[in-house]
Amino acid sequence: MMLTDLTLAEARDALRAGDVTARNLAEAHLAAIEALNPRLNAYVTVTADQALRQAAAADAALAEGKAGPLAGIPLAIKDLFCTEGVRTTAGSRILEPFVPPYESTVSANLLRDGAVFLGKANMDEFAMGSSNMASAFGPVENPWKRRQDYAAVLVPGGSSGGSAAAVAARLALGATGTDTGGSIRQPASFCGIAGIKPTYGRCSRWGVVAFASSLDHPGPFGRTVQDCAILLRSMAGFDPMDSTSADVPVPDFEAACKRPVKGLRIGVPREYRMDGMPEEIELLWRQGLDWLRDQGAEIVDVSLPHTKYGLAAYYIVAPAEASSNLARYDGVRFGLREDGEDLRDLYERTRAAGFGAEVRRRILIGTYVLSAGYYDAYYLRAQKVRALILKDFTDAFGKVDALLTPTAPSAAFAQGENMDDPIKMYLNDVFTVPANMAGVPGMSVPAGLDANGLPLGLQVIGKPFDEETVFSVAAAIERAAGFSALPSVRAGH
Ligand code: GLN
């Protein structure tokens, strides 16, 4: 067996047993990156020297019996997390020269626990997108292939497309991502891996380049539910540097993966049965419910009546916050600078040269909905809708312990598809956005393949700060699905 094929949990146990060294693991992954990254473009920066240094430190800690829970585990870090001394681009030209002088809390937590960072993962610019086609550093290739159309190059989803492709192709044992409207769950679904967006406040946003502050959620990717649980435990925790960080204990998520689902009540939101949803996704959803019923869960119909307004409200709130957050990129303090005749000219030239089309579109929409005269009609109204969406979830969770839905309305599409119309692209998030609006945890778990052999995920949504139930339900689906298909492009193949 190749070292890159181990799960994170298996690698951890092998390190502890002395069957493998952190150096072996780092070298195997760096070799895989060297072989495949020129094609997949999953990493925008590879930090080989740093990885080998961190691996040596992990091996020393393991030898002394002082190793942290992630000692020697090689990871990919989405290029939205500031990493001290390592360029952090957010997928944008405007931050291309930016080398942060500090480490984000989440990545610092991973380093504290002994993780090894292989490099920074590609992403849609400022995390805006669902395909990774909007990166200033070029698209990412999904390692999966259509059976009927092998030549087509598929997207990995977005915005955390590099993270998801790296984990699927065995270029990392796990990865960090961020999810503002679906950017962990949708790429996890497209790449046949697991990913969780925890409760808002569970993982600190400090040092994560901001897109929409009230919607941004850091979280992990892994090839198994258990691997995500291990990573989330290290990433999570109260942080006084983030005023929205929650001061709540971090439970043993890994133990929760083994909890039975017997007796749990699982809700099926009827509004998620969308017109035009492919039949195979509908069937997989029903299959997932059967799997949970077979393991002793009770399936209950529930209603989330404001679901249909979720996407529209999101595409007001997210651009509004983005337009405000992105005002700081003015060419004065950090990142790109295009000299101008005067200060205003410098701002304009810098922003015109630094931002891509999708980011400009969001800034325009955001500025518009926040302007005097439109604020009440759009922004304030969207915030009211947001409150109703939260209330839908609160009401549903009075009756059930978790919800099961599809993750995305389609499997991975090809580069170029869905590009003609931004609204079509926005529809990717129809099932994921409500959990961001409400701040509740959501996880995608690979559950089956479509007719073309492409992975499809199911989404488990839970109560605030009850990721444990989410993990137990996702693990139950994982067990029943026995998902063992492999992407065509992966280390050693
Ligand atoms: N696709 C959504 C958007 O473009 C969500 C992105 C995200 O979650 N970061 O806004």
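The values are calculated or read from the model by the stated rules, or taken from the named source; none is laboratory data. Just so it is clear, the model here is predicted, and its values are computed rather than measured. For neighbour counting, all protein chains shown are included, and Cβ atoms are generated from backbone atoms with ideal geometry for every residue, glycine included. Side chains are part of the model used for accessible areas, which takes the heavy atoms of the whole protein and leaves out ligands, DNA and RNA. Shrake-Rupley method; radii C 1.70, N 1.55, O 1.52, S 1.80 Å.
Below is a table of values for the structure above.
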| read-out | value |
| --- | --- |
| Evaluation of Ala26 against (1) within 22 Å of Gly85 (Cα to Cα); (2) touching a residue at least 12 places away in the same chain (Cβ under 8 Å); (3) open to solvent by 40 Å² or more (accessible area, probe 1.4 Å) (one fails), failing number | (3) |
| Positions within the range 439-453 being surrounded by fewer than 24 Cβ atoms within 10 Å (Cβ to Cβ) and either farther than 15 Å from Gly219 by Cα or of a type in the set (D, E, K, R) (or both), in sequence order | Gly448, Leu449, Asp450, Ala451, Asn452, Gly453 |
| Residue in the range 453-465 that is small (Gly, Ala, Ser) and free of Cβ contacts under 8 Å to residues at least 60 places away in the same chain present | no |
| Residue count for the range 320-346, restricted to those that are among the aromatic types (Phe, Trp, Tyr) and open to solvent by less than 30 Å² (accessible area, probe 1.4 Å) | 1 |
| Count - residues of the range 256-281 that are touching a residue at least 12 places away in the same chain (Cβ under 8 Å) and outside any loop (DSSP other than H, G, I, E, B) | 11 |
| Qualifying residue in the range 133-140 (condition: within 13 Å of the ligand (Cβ to nearest atom), surrounded by 24 or more Cβ atoms within 10 Å (Cβ to Cβ) and closer than 18 Å to Asn418 by Cβ) | yes |
| Residues satisfying the stated conditions in the range 4-50, i.e. of a type in the set (A, V, I, L, M) and either within 23 Å of Lys145 (Cα to Cα) or modelled with pLDDT under 95 (or both) | Leu6, Ala31, Ala32, Ile33, Ala35, Leu36, Leu40, Ala42, Val44 |
| Filtered residue count, the range 82-126, keeping only those that are among the hydroxyl-bearing types (Ser, Thr, Tyr) and open to solvent by 10 Å² or more (accessible area, probe 1.4 Å) | 2 |
| One residue from Arg233, Arg205 being within 14 Å of the chain's Cα centre (by Cα) and either of a type in the set (Lys, Arg) or part of a helix (DSSP H, G or I) (or both) | Arg205 |
| The range 375-410: number of residues that are away from the ligand (no atom under 13 Å from the Cβ), at pLDDT below 95 and either closer than 30 Å to Arg147 by Cα or not in a helix (DSSP H, G or I) (or both) | 1 |
| Of residues in the range 426-438 being among the aliphatic types (A, V, I, L, M) and crowded, with 21+ Cβ neighbours inside 10 Å, the one nearest to the ligand (Cβ to nearest atom) | Val433 |
| Qualifying position, being among the hydroxyl-bearing types (Ser, Thr, Tyr) and over 30 Å from Ala352 (Cα atoms), among Ser92, Ser130, Ser107 | Ser107 |
